[in-house]
1. Pairs, please: C-beta under 7 Å, at least 6 apart or cross-chain, first residue closer than 12 Å to LEU212 by Cβ and of a type outside the set (Gly, Ala, Ser) and in the stretch 180-192, second open to solvent by 40 Å² or more (accessible area, probe 1.4 Å) and not in a helix (DSSP H, G or I)?
2. Give the stretch 1-56 a look and list any residue that's of a type in the set (D, E, K, R) and within 21 Å of LEU207 (Cα to Cα), or say none.
3. Under 7 Å by Cβ, and 6 or more places apart or on different chains, what pairs join a residue from the stretch 267-278 that is among the charged types (D, E, K, R) and in a helix (DSSP H, G or I) with one that is surrounded by 11 or more Cβ atoms within 10 Å (Cβ to Cβ) and at pLDDT 90 or above?
4. So for the stretch 34-43 (the condition being of a type outside the set (Ser, Thr, Tyr), without any contact (Cβ under 8 Å) to a residue 12 or more places away in the chain and open to solvent by less than 60 Å² (accessible area, probe 1.4 Å)), does at least one residue qualify?
5. Can you tell me which of (1) within 21 Å of TYR156 (Cα to Cα); (2) not in a loop (DSSP other than H, G, I, E, B) is the one LYS75 doesn't meet?
6. Considering only the stretch 166-185, I want to know if a residue exists there that is open to solvent by 40 Å² or more (accessible area, probe 1.4 Å), under 22 Å from ARG73 (Cα atoms) and part of a helix (DSSP H, G or I).
7. Give me a count of the residues in the stretch 220-253 that are surrounded by 21 or more Cβ atoms within 10 Å (Cβ to Cβ) and under 13 Å from LYS203 (Cα atoms).
Amino acid sequence: MRLGLSTNFNEDSAEKWAKKMVSLGCKSVVFPLNCEASDSQINEYVEAAKANDLLIAEVGIWRNALDPDDDARKKNLEYSIKQLALADKIGARCAVNVAGSFGARWDGGYKENFSVEMLEKTVEMVRTVIDEAKPKNTYFSLEPMPWMVPTGPKEYQKLIEAVDRDRFGVHMDIINMINCPTRYFFPEEFLEETFETLGDKIKSCHLKDVKLLDGFTFQLQECACGEGVFPIEKYIDLADKYDVDMPMIIEHLSSDDEYIKNIAYVSNRINTHYERNKADKILSELGII
């Protein structure tokens, strides 16, 4: 497992950026430039990451390639293709987007997101992005969302089968799929199901937490690791089972100070978990437990 952060701390050089990440305990990164950067800038960041053993986990897209507006949809699709080409050029684990929506908000929840038309257009969009970019060193992936395809592991697997492209991989945001009481109250079982279904296809993961709010009706809120109830250790153990270099990117915090505090918290929590596992293994081998 390689921890990372979804902020670049606004560092003004590739070297400072990489050194900052390493100083905080990062072993993976989100690439901080996009396809509009110059080749020289892109190369500087790639070399800085390589020199500091920082795995480039993902290149973000985060635009609605299914936008109802024709001009916006075309522009966002072209950007998606270019971002996947960038990810391939730099050897990132994946380029990632959400499927998109048929509404005004690019990542919003709408009834139309679950229509047959939306599914067909999602499959067509993914195929187009992959076929146009022709990646050989990376994968195109869609982040699961609570209110658009894919909302769960079985839905993701069906989407993979429908797309039928070798370079379509999985970007795992497990918290985005915690969208009902069963998944919230039985997260260990849901994790087992998710990794059993998708584990060998996962290229990068997001790391955060979730908590139940007091008000009616059923309301969940994403939160920083440690502020909710999600079994982070189980999540990381399963990721390690499939890939010991799996990127785990902490995201959606409101300031750089919060990122610094949270990666320290997560690192300590995971190190404690690993040390406990080592101790238990030794005691088991000695026949003590």
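1. PRO181/PHE218; TYR184/LEU212; TYR184/LEU220
2. Within the stretch 1-56, ARG2, LYS20, LYS27, ASP53 meet the criteria.
3. Taking only residues 6 or more apart or on different chains, the pairs are ARG269/ILE232.
4. So far as the stretch 34-43 goes, yes, one or more of its residues are of a type outside the set (Ser, Thr, Tyr), without any contact (Cβ under 8 Å) to a residue 12 or more places away in the chain and open to solvent by less than 60 Å² (accessible area, probe 1.4 Å).
5. (1)
6. No, that holds for no residue.
7. Qualifying residue count for the region: 5.
Rundown of residues vs (1) hydrophobic (A, V, I, L, M, F, W, C); (2) farther than 30 Å from ASN268 by Cβ, yes/no style:
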| position | (1), (2) |
| --- | --- |
| LEU142 | yes, yes |
| LEU159 | yes, yes |
| VAL163 | yes, yes |
| ILE178 | yes, no |
| TYR184 | no, no |
| THR197 | no, yes |
| SER204 | no, no |
| LEU207 | yes, no |
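The values are calculated or read from the model by the stated rules, or taken from the named source; none is laboratory data. Nothing here was measured: the structure is a model prediction, and the numbers come from that model. Cβ coordinates were reconstructed from backbone atoms using ideal geometry, including for glycine residues, and neighbour counts include every protein chain displayed. Accessible surface areas use protein heavy atoms only, side chains included; no ligands, DNA or RNA. Shrake-Rupley method; radii C 1.70, N 1.55, O 1.52, S 1.80 Å.
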